[in-house]
Amino acid sequence: MKKTIGFLLALVLFTVACTPTFASDTQNKEFTKQDILALKPYVSVNENGFFELDYSKAQKDEVDLELLQGQKIYFDTLNKQIESGELKAHSDLSITSENLAPLTSDLSKSVTASCAGKNTAVQQYWWGYSRYMNSCEANRFSADLTGVSATSGGVAIVAAYFGAIPAIPPGITAAYFGLLASRVAANNANSTGIYLEMTWALAFNITPQ
């Protein structure tokens, strides 16, 4: 397990290092889920099954350029997965995945049997990700996030549980991952497991199972 997570962290850190950030002159904006969902009128799936963003129309409507750039980078990542056959996009903007196993699903059967709540594969959307974590997975996720001292390290941990994060979103600092850890722990306080939604900009919503 340690070797697997170590490999994932190294791989994601390399990916983050090699991926351009959203903007070199970022103003440290933080985008909410509502900000991203407001882009839906400009989003479509073309006849080849790839996500498209109507950049020109969005610019004419004076949509924030940094938000558009972040969405474009996320679509580039999704479209690569679609091209490789890992994902399939549909005209209603939903996504189906060929990878149905949770990224961190190698807990022993005896341990899993003692964990409350369900543990599911990551579900991807045009705006981000969601998944159920059982009580044990939620505790491990929270513990991994606790004590993160660098933004890139926190992004690597999130990616190990949710999949590739295309770039470090603007406004995200190491303190964010401490907040995420505490919110995960609080919502798993009764050992029920959690349901976590997260956008590509790492805005999150967590509820107990």
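The values are calculated or read from the model by the stated rules, or taken from the named source; none is laboratory data. Note that the coordinates shown come from a computational prediction; the quantities given were computed from them, not determined experimentally. All Cβ positions, even for glycine, are placed from backbone atoms using ideal geometry, and neighbour counts span all protein chains on display. The area values use the complete protein model at the heavy-atom level, side chains included, leaving out ligands, DNA and RNA. Shrake-Rupley method; radii C 1.70, N 1.55, O 1.52, S 1.80 Å.
What the table shows:
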read-out	value
From phi via Karplus (6.51, -1.76, 1.60), per-residue ³J(HN,Hα) for the stretch 63-71 in Hz, x at Gly/Pro	6, 3, 5, 5, 5, 4, 5, x, 5
Chain lengthening between residue 72 and residue 121 when straightened (0.36 nm per residue, less Cα-Cα)	15.2 nm
Per-pair calculated FRET efficiency, R0 = 35 Å: residue 64 and residue 150 via Cβ, rounded to 0.05	0.85
Cut-off 11 Å between beta-carbons: net charge of the residues surrounding residue 204, Lys and Arg +1, Asp and Glu -1	+1
Within the accessible area of the stretch 122-209 (1.4 Å probe), percent carbon and sulfur	54 percent
In sequence order, calculated HN-Hα J values of the stretch 187-199 (Karplus, 6.51, -1.76, 1.60; Hz; x Gly/Pro)	7, 10, 4, 9, 6, 9, x, 9, 10, 10, 10, 9, 7
Ordering of 81-90, 159-168 by packing [mean C-beta count within 10 Å, highest first]	159-168, 81-90
Theoretical gain in end-to-end length, residue 114 to residue 50 [0.36 nm per residue, Cα-Cα removed]	18.9 nm
Protein-only accessible surface order, largest first, of 127, 200 at 1.4 Å	127, 200
For the stretch 88-96, Karplus couplings with θ = phi - 60° (6.51, -1.76, 1.60), whole Hz, Gly/Pro x	9, 9, 10, 5, 7, 6, 6, 10, 10
Residue 84-residue 38 pseudo-label distance in nm [points 7 Å out on the Cα-to-Cβ vector]	3.3 nm
Sequence of 135, 91 when ordered by accessible area, the most exposed leading, probe 1.4 angstrom	91, 135
